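Student: Provided herewith is a single structure, encoded as structure tokens, for subsequent inquiry.
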Amino acid sequence: MENFELIKQGAEARIFKGLYLGKPTLIKQRFEKKYRYPDLDEHLTKERIKAESRAIVRCKNVGIETPALYLIDLKKRCLYMEYFEHSITAKEFIMEASNEFIEKLSYDIGATLAKMHENNIIHGDLTTSNILIVNQFGEKCFFKDYSKLKLVLIDFGLAHIDNSAEDKGVDLYVLERAIISIHDNPEKIFGLILKAYRKNTNGHNNVIAKLDEVRLRGRKRLVVG
Ligand SMILES: Nc1ncnc2c1ncn2[C@@H]1O[C@H](COP(=O)(O)OP(=O)(O)O)[C@@H](O)[C@H]1O
Ligand SMILES: [Mg+2]
């Protein structure tokens, strides 16, 4: 990991960027949590790394954009993957983009999540920070030509495979809560996401029904405290 520079320090992992086999590469290193028993900690960390790599590969196989996976180093708790030099998170994008672009993005997020759920991939931590907007032409330009952009899903450490409407509904609920807590006009953004989600899933309205159920549970929890 010489030549790699630390670019982010999260709650669970450090993010480094550098060159690996000549390619721009991001290393996500999950660190030890001192408050956990060491054996449990090691087990959980390895499970997260495995979950993340599995989901990345599974998404790729069904045509959902994810970073290419370069190396899994369980011993060092590292995942090496493609680094998108010219990217911003959907969170940053929404803060700056025009209404027109925000609407297009919301629609694309809904369609992408529909595809992901149709393939029974549950992300587990959907937020606008875990969606990257990438300029496909390698230009550092995001707000001029929407057709040059693509959407890349990241941060699959809590992902799993499940065909239940419940898990899919919870996935959507987590995203809705994240959008409400961060963005202006969340009803509009999430409304468009759901519209595209509905349109792109066949007869899976039971997921939306589950979402309503989960929302109700969430509200009750808030009231009860
Ligand atoms: N493949 C990538 N290319 C470019 N930037 C990335 C990539 N993966 C992650 N990032 C950036 O690093 C941040 C943290 O990565 P993430 O996988 O979400 O880890 P964390 O668990 O710390 O949230 C992302 O929000 C994004 O800004
Ligand atoms: Mg993240």
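Student: Sort out which residues of the range 145-155 are in a strand (DSSP E or B) and within 11 Å of ligand 2 (Cβ to nearest atom), and write them in order of number.
Tutor: Residue satisfying the conditions is Leu153 alone.
Student: Could you tell me which of the residues Ile131, Ile121 is of a type in the set (A, V, I, L, M, F, W, C), away from ligand 2 (no atom under 16 Å from the Cβ) and not assigned by TED's automatic domain parsing to the domain that holds Glu52? Explain how you work it out, then say what you get.
Tutor: Numbers: Ile131 fails: away from ligand 2 (no atom under 16 Å from the Cβ).
Selected residue: Ile121, the only one of Ile131, Ile121 that is of a type in the set (A, V, I, L, M, F, W, C), away from ligand 2 (no atom under 16 Å from the Cβ) and not assigned by TED's automatic domain parsing to the domain that holds Glu52.
Student: Is there any pair linking a residue in the range 172-197 that is closer than 16 Å to Glu213 by Cβ to one that is surrounded by fewer than 19 Cβ atoms within 10 Å (Cβ to Cβ) and among the acidic types (Asp, Glu), with Cβ under 8 Å and at least six apart or on different chains, and which?
Tutor: Sorted first by the residue in the range 172-197, then by its partner, the pairs are Val174/Asp125.
Student: Are there any pairs with C-beta distances below 8 angstrom linking a residue in the range 59-73 that is within 15 Å of Leu21 (Cα to Cα) to a residue that is among the hydroxyl-bearing types (Ser, Thr, Tyr) and in a helix (DSSP H, G or I), with the two at least 6 apart or on different chains, and if so which?
Tutor: Pairs that qualify, where the first residue is within 15 Å of Leu21 (Cα to Cα) and the partner is among the hydroxyl-bearing types (Ser, Thr, Tyr) and in a helix (DSSP H, G or I), are Leu69/Ser53; Ile72/Ser53.
Student: Also: Being farther than 24 Å from Ile88 by Cβ and in contact (Cβ under 8 Å) with a residue 60 or more places away in the chain is the filter here, so list the residues in the range 1-29 that pass it.
Tutor: If the condition is that a residue be farther than 24 Å from Ile88 by Cβ and in contact (Cβ under 8 Å) with a residue 60 or more places away in the chain, then Met1 is the only one that fits.
Student: Being in a loop (DSSP other than H, G, I, E, B) and polar (S, T, N, Q) is the filter here; which residues of the range 40-98 pass it? Steps first, please.
Tutor: Just the residues of the range 40-98 that are in a loop (DSSP other than H, G, I, E, B), to begin with: 62-68, 74-77, 83-86, 97-98.
Those that are in a loop (DSSP other than H, G, I, E, B) and polar (S, T, N, Q): Thr66, Ser98.
Student: Could you please find all residues in the range 83-110 being surrounded by fewer than 17 Cβ atoms within 10 Å (Cβ to Cβ), among the acidic types (Asp, Glu) and under 18 Å from the mean Cα position of the chain (by Cα)?
Tutor: Our first condition is that a residue be surrounded by fewer than 17 Cβ atoms within 10 Å (Cβ to Cβ); within the range 83-110, this holds for 85-86, 89, 92, 95-96, 98-100, 103-104.
This time we only want the ones that are among the acidic types (Asp, Glu), so: 85, 92, 96, 100, 103.
Glu85, Glu92 - these are the residues of the range 83-110 that are surrounded by fewer than 17 Cβ atoms within 10 Å (Cβ to Cβ), among the acidic types (Asp, Glu) and under 18 Å from the mean Cα position of the chain (by Cα).
Student: Do we have Asp125 as within 16 Å of ligand 1 (Cβ to nearest atom), part of a loop (DSSP other than H, G, I, E, B), crowded, with 18+ Cβ neighbours inside 10 Å and of a type outside the set (S, T, N, Q) here?
Tutor: When the stated conditions are applied, Asp125 does not pass them.
Student: So which of Phe137, Phe142 ends up being free of Cβ contacts under 8 Å to residues at least 24 places away in the same chain, within 23 Å of Pro67 (Cβ to Cβ), more than 16 Å from ligand 2 (Cβ to nearest atom) and not in a helix (DSSP H, G or I)?
Tutor: Selected residue: Phe137, the only one of Phe137, Phe142 that is free of Cβ contacts under 8 Å to residues at least 24 places away in the same chain, within 23 Å of Pro67 (Cβ to Cβ), more than 16 Å from ligand 2 (Cβ to nearest atom) and not in a helix (DSSP H, G or I).
Student: Okay, moving on. Evaluate the following for Leu153: is it under 21 Å from Arg48 (Cβ atoms), buried (at least 20 other Cβ atoms within 10 Å of the Cβ) and aliphatic (A, V, I, L, M)?
Tutor: yes
Student: When you scan the range 176-196, do you find a residue that is part of a helix (DSSP H, G or I), under 14 Å from the mean Cα position of the chain (by Cα) and over 29 Å from Tyr83 (Cβ atoms), even just one?
Tutor: yes
Student: Name the single residue, out of those in the range 7-45 being among the basic types (Lys, Arg), modelled with pLDDT of 95 or more and exposed (fewer than 15 other Cβ atoms within 10 Å of the Cβ), that is nearest to Ser129 (Cα to Cα).
Tutor: Only one residue tops the list, namely Lys8.
Student: While we're here: Going residue by residue through the range 51-64, is there one that turns out to be within 15 Å of the chain's Cα centre (by Cα), farther than 22 Å from Asp167 by Cα and acidic (Asp, Glu)?
Tutor: No.
The values are calculated or read from the model by the stated rules, or taken from the named source; none is laboratory data. Note that the structure is a prediction, hence the values are computed from the model and not measured. Reconstructed Cβ throughout: ideal geometry from the backbone, glycine too, with neighbour counts over all protein chains shown.
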